[in-house]
Amino acid sequence: MTSETIDSKSDQQLFVRFPHGLGDCANFAHLLKLMQSKGLNVGLCCDEDKNFVFSGLALEEPDCSHAEVHFLPYFEPRDPCPEIADQYWLYNKTGTNMLVSPFPPCEDPAKLWDELCDVRLQLAPHVPEEDYRAVDEFLAQLPKPIVLIHPMGNTGAEFKNIPPDKVIQLCKEVLQRMSGTIILLDWDNRVPRLPTWRVRHLVDDWLRPNVSQLVALMDRSDLLISIDSGPLHLARMLDIPVIGLFPTLTKHPARVALPNSRAVNIVPKGVAPECNRQTRIRYNIVESPSSEPFDLRYIAIVAAKMLSGPRYLGQEMIGADMQLQQFVLEWERGSLDASQTYNDRNAGFDILFREIVTRFASPSIVETGCIRHPEDWKGAGYSTYLLGAMMDRLGGSLISVDNDGEHCGFARNATKELKSVTVVEMDSVAYLRRRTEPIDVLVLDSMDTWMDETPKNVLREVQASLACLHSRSIIVIDDTTYFAKDFQGNGRLAVPWLLSHGWRILHSGYQTLLVRKEG
């Protein structure tokens, strides 16, 4: 190899031998596509039954016995730790191997990692028609939707496989929540069967498929539930929605998978919480309520939601939609607070998010008062993070304004994974008076509810922002409730003022949402 870096775009030739499993081959295909885009001509030797994974890459097939063919051992990644907290590629298996010999060195691995995550491959166009005909014939009489479950893999069984008795229970939980069919993906006769018309076994009831036939089956199915395995990684090369099951840090999605916008990855509560916080946006990680390796009831609940379709985002981002649903509908769900006020921010944010996607293509949100405590979902709502998670997926922006430098520092660190968030240290009223750009959504929560000055400050914020608010804008005032013919809390003055100046209530609970009457 030459000393030129992979970023140099010069044409180079590389021959590699890659005798690894289906999952590793699926991820490696994305790396080869990236290397091709950098001007690297790759020849590949792999196991014959894996050739289909590399369809469409136009790879030369060299003589594997030749001395110039490099064997790729495919190294395991490092464990996530503070020293490499922001270097996500170092604790991802494919990211680790994009930087090792015989691949050329890279001047900017962070940029290369982002480019790798953006690579998209499609295998469906390469499936022979006869394979689709065979799949269609198999599925013709089965109740829909079709759910594929792959519960046991060949390697690392102690870190990832679902125990046999739990496979049966998972099937029961899923069947209770849908009217379709489960197909158990099992090539080695290890998975127990559940005797019912709506559960089929891949080999018993159909055949032992090659990779092309498996791709055809996945492409015709409605959902895949899978441990870390070949089918899970292969699904990134299709449009099938995926639930990935990752019971241990050893098999954490950030370590073994490439991000997939159609996949939601379930990690048990308490397993790798710091790694989850650092990587959950890119990998669409949700935490099951239980610390058990496999919370079967929760997996089935998520499956039912996946089958019913997204709530906030499009089908192509259904994995992120499942995560947002957990943030909003589960983590924001509060109870009676110390003053016996009912905290139902889950309802407010749910309505807000559905309104946002209806009203705006690329929303611009301004928030007064940023987050100040870690993972404070049920307390103060963790709104800077939540709104930023939504904006990252929609291509919008969030500016959070706070006059406390310590709060701003915390918010910047907590949202560093979110590219849409900007934290501004400034008085909120002064910022709103100076701003000239339109505001689609204004979220007001800059002062604590118990402070006497808070209602007056919220009213000043509203009045200062009017020039930036348009006919479809939404105002959200936090900690504002209705009681005995009057509004209480932060919006005690602002809500009546807005109602008398052409605004109407869209929703009022623990938060009050207002829109213009003519909007």
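Checked against (1) touching an Asp or Glu at 6+ places or on another chain (Cβ under 7 Å); (2) touching a residue at least 40 places away in the same chain (Cβ under 8 Å), A414 passes all but a single condition, namely (1).
This table checks each residue for (1) within 15 Å of the chain's Cα centre (by Cα); (2) closer than 30 Å to P143 by Cβ; (3) among the polar types (S, T, N, Q).
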residue: D222; (1), (2), (3): no, yes, no
residue: I225; (1), (2), (3): no, yes, no
residue: L234; (1), (2), (3): no, yes, no
residue: F246; (1), (2), (3): yes, yes, no
residue: A257; (1), (2), (3): yes, no, no
residue: N260; (1), (2), (3): yes, yes, yes
residue: K269; (1), (2), (3): no, no, no
residue: P273; (1), (2), (3): no, no, no
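Restricting to the stretch 271-296, name every residue that is under 13 Å from R255 (Cα atoms) and open to solvent by 40 Å² or more (accessible area, probe 1.4 Å). The one that is under 13 Å from R255 (Cα atoms) and open to solvent by 40 Å² or more (accessible area, probe 1.4 Å): R282.
Residues that are in contact (Cβ under 8 Å) with a residue 24 or more places away in the chain and acidic (D, E) within the stretch 116-164 comprise D131, D136, listed in sequence order. Annotation: of all residues in the stretch 241-267 being without any contact (Cβ under 8 Å) to a residue 40 or more places away in the chain and of a type in the set (V, I, T), the one that is surrounded by the fewest Cβ atoms within 10 Å (Cβ to Cβ) is I266.
Restricting the search to helices (runs of 4 or more DSSP H) fully inside the stretch 136-234 and requiring at least 2 residues that are open to solvent by 40 Å² or more (accessible area, probe 1.4 Å) and under 26 Å from E316 (Cβ atoms) gives 211-220. Among the residues of the stretch 69-78, is there at least one that is touching a residue at least 60 places away in the same chain (Cβ under 8 Å) and surrounded by 15 or more Cβ atoms within 10 Å (Cβ to Cβ)? Checked against the condition, which is being touching a residue at least 60 places away in the same chain (Cβ under 8 Å) and surrounded by 15 or more Cβ atoms within 10 Å (Cβ to Cβ), the stretch 69-78 yields at least one hit. Within the stretch 280-296, residues that are β-branched (V, I, T) have Cβ atoms under 7 Å from residues that are open to solvent by 40 Å² or more (accessible area, probe 1.4 Å) in these pairs: I281/D392, counting only partners at least 6 apart in sequence or on another chain. For T96, the conditions (1) touching a Pro at 6+ places or on another chain (Cβ under 7 Å); (2) among the β-branched types (V, I, T); (3) at pLDDT below 90 are fulfilled apart from (3).
Could you check C117 against (1) crowded, with 17+ Cβ neighbours inside 10 Å; (2) more than 28 Å from the chain's Cα centre (by Cα) and say which number it fails? (2) is the only condition that C117 fails. A380 satisfies every condition listed in (1) open to solvent by 20 Å² or more (accessible area, probe 1.4 Å); (2) over 26 Å from F483 (Cβ atoms); (3) not polar (S, T, N, Q) except (2). Say whether the condition of being at pLDDT 95 or above and acidic (D, E) is met by at least one residue in the stretch 455-463. Yes, because at least one residue in the stretch 455-463 is at pLDDT 95 or above and acidic (D, E). For Q122, the conditions (1) at pLDDT 95 or above; (2) open to solvent by less than 60 Å² (accessible area, probe 1.4 Å); (3) assigned to a loop (DSSP other than H, G, I, E, B) are fulfilled apart from (2).
Here's the yes/no breakdown for (1) free of Cβ contacts under 8 Å to residues at least 60 places away in the same chain; (2) open to solvent by less than 10 Å² (accessible area, probe 1.4 Å); (3) farther than 30 Å from A85 by Cβ:
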position: K269; (1), (2), (3): yes, no, no
position: Y298; (1), (2), (3): yes, no, no
position: A304; (1), (2), (3): no, no, yes
position: R345; (1), (2), (3): no, yes, no
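The values are calculated or read from the model by the stated rules, or taken from the named source; none is laboratory data. As the structure is a prediction and not an experimental result, all values here were calculated from the model. Please note: Cβ atoms are built from the backbone with ideal geometry, for glycine as well, and neighbour counts cover all protein chains shown. Note: areas computed on protein heavy atoms with side chains; ligands, DNA, RNA excluded. Shrake-Rupley method; radii C 1.70, N 1.55, O 1.52, S 1.80 Å.
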